[in-house]
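Written out below as structure tokens is the structure these notes cover.
The values are calculated or read from the model by the stated rules, or taken from the named source; none is laboratory data. Worth saying up front: this structure is predicted, and the values here are computed from it rather than measured. Neighbour counts are summed over all protein chains in view; Cβ atoms, including those assigned to glycine, are modelled from backbone coordinates with ideal geometry.
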Amino acid sequence: MQERVIVGIDVGTTKICVLVGELDRDGKLNIVGVGTCPSQGLRRGVVVNIEETVTSIAAALDRAERLSGKKITSAYVGIAGSHISSENSKGFVAISPKNRDIEQNDISRAFEVARAIAIPANRELIHVIPRGYVVDGQEGIKNPIGMSGFRLEVEAHIITGSVSSMHNLIKCVHKAHVEIEDLVLEPLASGDAVLEEGETDLGVALVDIGGGTTDVAVYTDGAIWHTIVLPVGGNLITSDIAIGLRLPVGVAEELKITYGHCDPSAIDEDDMIDLSQFMPDCDDLVPRKLLAEIIQARVDEIFCMVHEEIKKSGYDGLLPAGVVITGGTAELPGILELAGQVLDLPARIGSPLGLHGLADSINRPAYSTAVGLLLWGLSNTSLLMEEEPIDVNVEDDENNLVSRFGRWLRAFIP
């Protein structure tokens, strides 16, 4: 196997993260480059200033290239934002009477029927993900190829996004001189990085709390069932601190990172924070318990919103594997216990594991999405070696949609 470079770009609200992975001759993915940069030009996962976003992406790319010694020309790019929506759909087809054995063409036809839902002109298809197959009423089939039957059914999870939001992100990546291998919904990427196979089989909720959004994905029977991107995240916690303590936003962010906690009861009454370490001209003291109370209130609200989404999925109380918390905000002390209380589920923190190369620098929840994008690329390596990267033409909606769907379909057909 030839060595191949795979790149993931997590375009987040608070930071841009670029990871460079090299697939060696033994098929092992080594992290050889990391580039991060504070994100400018995005709000709640959506581009609001193209030039600022391009500058941020370019800076992160430059750092990753310098560390890895690789020229980055294409990448898997994460997409999020409250414009994302999803639904489950089914497709039915009859099997040819000449040959009752199911072939790949039959699966392709079933997918075409499943994706033939009414998509408004202002929305575009991102993913069509198979949940499972049914042959002549027999459910739970993972790979129907070669089976005999009269009727094939596929159940698919369909994810769409706003055309304008998607195209603005695409423009930014192209302006940074990078072609897009694929746009990947961020909670799906994070799930690849932190979820275990047994968890998705039993039933688990992934909650990725980033700076501008909270991504929720519910998995059952080894497949995705429900996805949503909530327009709340760590930035709101920072804003609450800034308002509640009358501090600059930058200082509020430093306070959150350095002294933040989600459980006020774990903080002593006389534990004070000296603000002079952040603002030399200020000698005020802030009770750390007060800081924790502000943080707890907002994180509690976020988990309440997550709980409502789990209820909407129809799996409230039916997720034996519980909830996995990841993303930068998951690094707040006390968040695990708060999640368990609000969601009434067993909870754990999800960090990307099993990495090679520069693993120590990215083995944190904040890097789950970026690592997942690399794993997404790794899972499609055999396909990608036969194809050129997707040149997403923002002026050609139809070709863009078809090319992405074709890649997805080929990648998922057993």
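The table below gives the values:
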{"quantity": "Total residues in the stretch 276-297, condition assigned to a helix (DSSP H, G or I) and modelled with pLDDT under 95", "calculated": "2"}
{"quantity": "Residue list for the stretch 331-360, filter: assigned to a loop (DSSP other than H, G, I, E, B) and among the polar types (S, T, N, Q)", "calculated": "SER351"}
{"quantity": "Tally, over the stretch 194-210, of residues that are surrounded by fewer than 24 Cβ atoms within 10 Å (Cβ to Cβ) and either touching a Cys at 6+ places or on another chain (Cβ under 9 Å) or not aliphatic (A, V, I, L, M) (or both)", "calculated": "7"}
{"quantity": "Residue list for the stretch 290-318, restricted to those being closer than 19 Å to ASP263 by Cα and in contact with an Asp or Glu (Cβ under 6 Å, 6 or more places away or on another chain)", "calculated": "ILE294, ARG298"}
{"quantity": "The stretch 271-307: number of residues that are exposed (fewer than 13 other Cβ atoms within 10 Å of the Cβ) and out of contact with any helix residue (DSSP H, G or I) (no Cβ under 9 Å at 6 or more places or on another chain)", "calculated": "4"}
{"quantity": "Hey, LYS175 surrounded by fewer than 24 Cβ atoms within 10 Å (Cβ to Cβ), among the basic types (Lys, Arg), more than 17 Å from the chain's Cα centre (by Cα) and at pLDDT 95 or above or not", "calculated": "yes"}
{"quantity": "Those residues of the stretch 140-163 which are small (Gly, Ala, Ser) and surrounded by 16 or more Cβ atoms within 10 Å (Cβ to Cβ), in sequence order", "calculated": "GLY149, ALA156, GLY161, SER162"}
{"quantity": "Tally, over the stretch 347-375, of residues that are out of contact with any helix residue (DSSP H, G or I) (no Cβ under 6 Å at 6 or more places or on another chain), surrounded by fewer than 24 Cβ atoms within 10 Å (Cβ to Cβ) and among the hydroxyl-bearing types (Ser, Thr, Tyr)", "calculated": "1"}
{"quantity": "LEU183 vs. criteria part of a strand (DSSP E or B) and in the same structural domain as SER39 (by TED's automatic domain parsing)", "calculated": "yes"}
{"quantity": "Criterion (touching a strand residue (DSSP E or B) at 6+ places or on another chain (Cβ under 8 Å), aliphatic (A, V, I, L, M) and more than 16 Å from SER190 (Cβ to Cβ)) met by exactly one of VAL48, VAL11, VAL54", "calculated": "VAL48"}
{"quantity": "Test: residue in the stretch 164-172 that is under 29 Å from GLY317 (Cβ atoms), buried (at least 22 other Cβ atoms within 10 Å of the Cβ), at pLDDT 95 or above and aliphatic (A, V, I, L, M)", "calculated": "no"}
{"quantity": "Where a residue in the stretch 31-50 is free of Cβ contacts under 8 Å to residues at least 12 places away in the same chain and its partner, wherever it lies, is of a type in the set (S, T, N, Q), with Cβ under 8 Å and at least six apart", "calculated": "ASN49/GLN40"}
{"quantity": "Only one of ALA80, ALA121, ALA114 that is loosely packed, with under 15 Cβ neighbours inside 10 Å, under 30 Å from LYS312 (Cβ atoms) and among the hydrophobic types (A, V, I, L, M, F, W, C)", "calculated": "ALA121"}
{"quantity": "Pair list, Cβ < 7 Å and 6+ apart or interchain, from the stretch 269-291 residues that are closer than 21 Å to ILE237 by Cα to residues that are part of a helix (DSSP H, G or I) and acidic (Asp, Glu)", "calculated": "PHE278/GLU254"}
{"quantity": "Matching residues in the stretch 26-51 - criterion: being of a type in the set (D, E, K, R) and either within 22 Å of GLY377 (Cβ to Cβ) or under 22 Å from the mean Cα position of the chain (by Cα) (or both)", "calculated": "ASP26, LYS28, ARG43, ARG44"}
{"quantity": "LYS256, sole failed condition from (1) under 15 Å from ILE335 (Cβ atoms); (2) not aliphatic (A, V, I, L, M); (3) not in a helix (DSSP H, G or I)", "calculated": "(3)"}
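Listed here are the residues, each with its yes/no results for (1) in a helix (DSSP H, G or I); (2) within 30 Å of LEU152 (Cβ to Cβ); (3) among the hydrophobic types (A, V, I, L, M, F, W, C).
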| position | (1), (2), (3) |
| --- | --- |
| ASP10 | no, no, no |
| LEU19 | no, no, yes |
| CYS37 | no, no, yes |
| GLY91 | no, yes, no |
